[in-house]
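The values are calculated or read from the model by the stated rules, or taken from the named source; none is laboratory data. In this text the structure is predicted, and so the values were computed from the model without any measurement. Methodologically, a virtual Cβ is constructed for each residue, glycine included, from the backbone with ideal geometry; neighbour enumeration extends over all protein chains shown. Side chains included, ligands, DNA and RNA excluded: accessible areas come from the protein's heavy atoms. Shrake-Rupley method; radii C 1.70, N 1.55, O 1.52, S 1.80 Å.
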Amino acid sequence: MKQEAYRQDLETAWRGIVNREKLGGKRILITGATGLIGSFLTDLLLYANQAYGMGMDVFILARDEKRAAERFASSMGEEGFYGIFQDVTQPLQLEEPLDYIIHAAGDGFPLAFRTAPVETMTPALFGTYELLQYARKAGVERFLYISSGEVYGKLPEAKKEFGENDCGYLDSMAVRSCYPMAKRCAETLCISFQEQYHVPVVIARPSHVYGACASLRDNRATTQFLNAAAAKEAITLTSPGRQMRSYTYVADCASGIYTVLLNGKAKEAYNIANRISRLTIADFAQILAETAQTSCEIKIPDEHEKREYTPIEYAVLDSSRLEKLGWKGQYSAQKGIRQMLKIKRRSKKDDEELI
C-alpha cells in the first residue's frame, strides 16, 4: 500500500469502477482476502477510504491470521478494517449486518488441483453454501460469487470466444476438473438461492488474472514467469506456449468485479476480461522477458507438470456484457506486465532490506 506503483494501480482501478460512489458507507465482506484477486479487492476499498473518505467498513475473511496480518501489515488497526479468521466452509462468525458479500475464497492454481482436489472443491461447495445462508438471514443487498472462465470447458469450435451462455465439455471423471466443476456447481447454488430464497446474486467469471501479489503457493505459469523475471533469471516454459488466453491485469479485474457488483443484473454472469489483452502463453512470457531484460527457454515437462495442464487451448472470453455496463479495461498486456514487474521487484527489494 505504500508503494507508489501499487497506489497508481489502485487509483486507476478505483476510477474504472462504474458508479463507484454507491460503495460509500457500505459494509463489505471479502473472502479469500489474501489471494491475488481478494487482496487487491480489499486494498482498493482501503485506498478509497484513505484517499476519498468513502467511509466503508471492510471485513476480510481468511483462514490464516498470521498470513493476513503480514499481507495487510500497513492497514491493520485502521478504522473500518476488520478481520474474521476462520475456514469459509464453516458458518460465518459475524453478527454485524453486511451490505455486500464478495466470495473470492479458494485455491485457483494447478498444484492445488493435483495435490488437494478435495480442499480445492470445498470452498466453492460448502463455503458458498454457508455464505449464502448468512446472506439469506441477514438480507444483504448483493452477493457476488467469483467464479472462473474455466467453467466453460471445451467447446466444439476450436477458436470461439466464450460468451456467458456457452457451456462446453468438462470431464467429471478427471481430477483436474475439481476446480471448474466445483465452480459450476457453486454458480448453480447461487442461482438456486436467489430463486428459492430471493438472495440477490450475481456472478463474475474472471479470465487469466495476473499481478504481483500472488500467493507463495501459487504455481500458475504467469506467477512462475514473474518470480524468475524479478530475480533476473531466464523464464522457463514447459510447453511451446501456443495456448491463446484472455489475460487480465488484477487492477482491471478488480474494477470489473466492483462494476458487476454495483451494476450487474441479478442472476446474471459476467466475464471479466480485457479485449485488448489477448495473447498466447509464449507471447506473455516473451513480453515479460523483454521487460525484465532476461530470456525465455523451453524445457521438457515432468509427469507432475503434465498432469496440471488444462485441456483448453483457446480460452478467450467475450467481454461485451461487462462493457455494456460502461466498463472499459485500462491495461494492455505490455502495461500490466510492466506494472507487475515494477511492484514485484520493489517488494523483493523491501524484503531484502529487512533481512
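General remarks:
- Considering the stretch 160-212, and only residues there that are among the small types (Gly, Ala, Ser), assigned to a helix (DSSP H, G or I) and within 18 Å of the chain's Cα centre (by Cα), the residue that is surrounded by the fewest Cβ atoms within 10 Å (Cβ to Cβ) turns out to be Ala182.
- Qualifying residues in the stretch 1-42 (those that are hydroxyl-bearing (Ser, Thr, Tyr) and open to solvent by less than 20 Å² (accessible area, probe 1.4 Å)) - the one nearest to Gln93 (Cα to Cα): Thr31
- For Tyr258, the stated conditions do not hold, so it cannot be described as surrounded by 18 or more Cβ atoms within 10 Å (Cβ to Cβ), within 27 Å of Gln293 (Cβ to Cβ) and within 13 Å of the chain's Cα centre (by Cα).
- Scan of the stretch 60-97 for residues that are crowded, with 21+ Cβ neighbours inside 10 Å and either aromatic (Phe, Trp, Tyr) or touching a Lys or Arg at 6+ places or on another chain (Cβ under 6 Å) (or both), ordered by number: Phe72
- Boolean, Gly106 is open to solvent by 10 Å² or more (accessible area, probe 1.4 Å), within 18 Å of the chain's Cα centre (by Cα) and within 25 Å of Lys265 (Cβ to Cβ): yes
- Residue in the stretch 245-252 that is touching a Cys at 6+ places or on another chain (Cβ under 9 Å), touching a residue at least 40 places away in the same chain (Cβ under 8 Å), within 15 Å of Lys328 (Cα to Cα) and not in a helix (DSSP H, G or I) present: no
- Considering residues of the stretch 213-249 that are of a type in the set (Val, Ile, Thr) and modelled with pLDDT of 90 or more only, the residue surrounded by the fewest Cβ atoms within 10 Å (Cβ to Cβ): Thr236
- Cross-chain or 6+ apart pairs with Cβ under 6 Å, the stretch 186-198 first and at negative phi and at pLDDT 95 or above, then open to solvent by 50 Å² or more (accessible area, probe 1.4 Å) and not in a helix (DSSP H, G or I): Ile191/Lys267; Gln194/Lys267
- Every condition in (1) of a type in the set (Val, Ile, Thr); (2) surrounded by fewer than 18 Cβ atoms within 10 Å (Cβ to Cβ); (3) in contact with a strand residue (DSSP E or B) (Cβ under 6 Å, 6 or more places away or on another chain) is met by Val118 except one, and the failing one is (3).
- Any hit, the stretch 3-26, residues being in contact with a strand residue (DSSP E or B) (Cβ under 6 Å, 6 or more places away or on another chain) and not in a loop (DSSP other than H, G, I, E, B): no
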